[in-house]
Amino acid sequence: MSDEPELFGKGDKQVKLRYTSNFRKEAGYMYFGFFRTRSDLNCSMIESIRGEKNKKTYTMGKLNGKRIAILTEDGFEQVELTSPKDALKNEGAQVDIVSPQEKAVRSKKGDDWAEDYPVDTPLSQARVDDYDGLLIPGGVINPDKLRTNERALSFVREFFAAGKPVAAICHGPQVLIDAEVVEGRKLTSVAAIKKDLINAKALWEDTEVVTDQGLVTSRTPDDLPAFNRKIVEEYAEGKHTGQRV
């Protein structure tokens, strides 16, 4: 193949396409800039994605290859799902919404109902072995529904039994009480469920984020920056020997 441009198309739609020896050697993907006027009928290589020095490179995220489940019902606080989800995706994780609902879950912003979000995996089909970590957003309605769903509680317990990181924010730790995994564990929550956690023998702290062997908890949406940083760290570390049922 010559390095000279080759002409493709007919009439006014003709364009010149220039290959490079680098392309021939590597069969790399190419991006081309096309011009629609006949006077500008040339096509120049902008960049090659594969491989050599001085080519564009892509930074690996801390969570590349990780898959995280967000367990939720209708009535979750919107930002307590969207903010952590975005933080995890920005680090390369695949993030699935898992729910007893089959198709979509509805969020809340304070006292008002808000947007619907598609369910990636119905809870009936979700397998803990497919995930590297679990996240439970808050909201008043969401954890109240999950804590009475035995399949949801079993799903939570399986993450603890496998030593996988689990995170919960605001009212989310209510689900952990009914899953019977908080006794002797350090955690925090919204103040409204502080006594519930203490009565379940949790070691409650009034701190923006508390970490205990793979268990990450925070109090309110105000704590999301610290919460997001910590869940990225814990999910990246993987299984924790101190995480238990």
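The values are calculated or read from the model by the stated rules, or taken from the named source; none is laboratory data. From a predicted model like this one, the values you see are computed outputs, not experimental measurements. All Cβ positions, glycine included, derive from the backbone under ideal geometry; neighbour counts span all protein chains shown. SASA here: full protein model, heavy atoms, side chains in, ligands and nucleic acids out. Shrake-Rupley method; radii C 1.70, N 1.55, O 1.52, S 1.80 Å.
Values as computed for the structure displayed
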read-out: Cross-chain or 6+ apart pairs with Cβ under 7 Å, the range 70-86 first and touching a residue at least 24 places away in the same chain (Cβ under 8 Å), then hydroxyl-bearing (Ser, Thr, Tyr) and open to solvent by less than 30 Å² (accessible area, probe 1.4 Å); value: 72/99; 73/99; 76/107; 78/107; 81/72; 81/107
read-out: Contacts under 6 angstrom Cβ, first residue in the range 215-228 being without any contact (Cβ under 8 Å) to a residue 60 or more places away in the chain and closer than 21 Å to residue 164 by Cβ, partner buried (at least 24 other Cβ atoms within 10 Å of the Cβ) and of a type in the set (Gly, Ala, Ser), 6 or more apart; value: 216/167; 217/168
read-out: Check on residue 201, open to solvent by 20 Å² or more (accessible area, probe 1.4 Å), basic (Lys, Arg), farther than 28 Å from residue 65 by Cβ and part of a helix (DSSP H, G or I); value: no
read-out: Any chance residue 164 is free of Cβ contacts under 8 Å to residues at least 40 places away in the same chain and either within 14 Å of residue 235 (Cα to Cα) or open to solvent by 10 Å² or more (accessible area, probe 1.4 Å) (or both); value: no
read-out: Those residues of the range 221-242 which are part of a loop (DSSP other than H, G, I, E, B) and open to solvent by 40 Å² or more (accessible area, probe 1.4 Å), in sequence order; value: 239, 241
read-out: Residue match in the range 178-188 (condition: closer than 28 Å to residue 101 by Cα and part of a helix (DSSP H, G or I)); value: yes
read-out: The one condition in (1) without any contact (Cβ under 8 Å) to a residue 60 or more places away in the chain; (2) touching a helix residue (DSSP H, G or I) at 6+ places or on another chain (Cβ under 6 Å); (3) closer than 26 Å to residue 94 by Cα; (4) open to solvent by 10 Å² or more (accessible area, probe 1.4 Å) that residue 122 fails to fulfil; value: (2)
